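Inspection log for the structure reproduced underneath, given as structure tokens.
The values are calculated or read from the model by the stated rules, or taken from the named source; none is laboratory data. From a predicted model like this one, the values you see are computed outputs, not experimental measurements. Side chains are part of the model used for accessible areas, which takes the heavy atoms of the whole protein and leaves out ligands, DNA and RNA. Shrake-Rupley method; radii C 1.70, N 1.55, O 1.52, S 1.80 Å.
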Amino acid sequence: MRHLARLADYCSITNMHTKNLAIVWAPNLLRSKQIESACFSGTAAFMEVRIQSVVVEFILNHVDVLFSSKLSSVIREGAGVS
């Protein structure tokens with residue numbers, strides 16, 4: 001995720017800002033068996049992929065906070081892991 005966030009830093013050159021990166025990478029990063037099955041088609045599949053891209057875009061925009069060592073230690077303490 002950090003790598004994709006770094007790629008977004010070069011959006012002025014590549015035109016791959018976080019939204020574009022999320023659209024391209026979301027189906028791979030948040031793979032859904034429901035979408036791949038026959039029961040999801042058309043509009044339902046599009047909406048599912050759209051939700052995935054919003055989630056990935058959020059992660060890319062907040063990668064420094066979400067993947068910081070400080071947050072990791074708070075999560076470990078909350079889970080009782082030492």
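Does Val54 satisfy the criteria of being open to solvent by less than 90 Å² (accessible area, probe 1.4 Å), under 14 Å from the mean Cα position of the chain (by Cα) and modelled with pLDDT of 95 or more?
yes
Looking at Arg76 and the list (1) open to solvent by 100 Å² or more (accessible area, probe 1.4 Å); (2) at pLDDT 70 or above; (3) not small (Gly, Ala, Ser), which single condition is not satisfied?
Looking at each condition in turn, Arg76 falls short on (2).
Scan the range 5-19 residue by residue and report those that are within 16 Å of Val55 (Cα to Cα) and polar (S, T, N, Q).
Thr18
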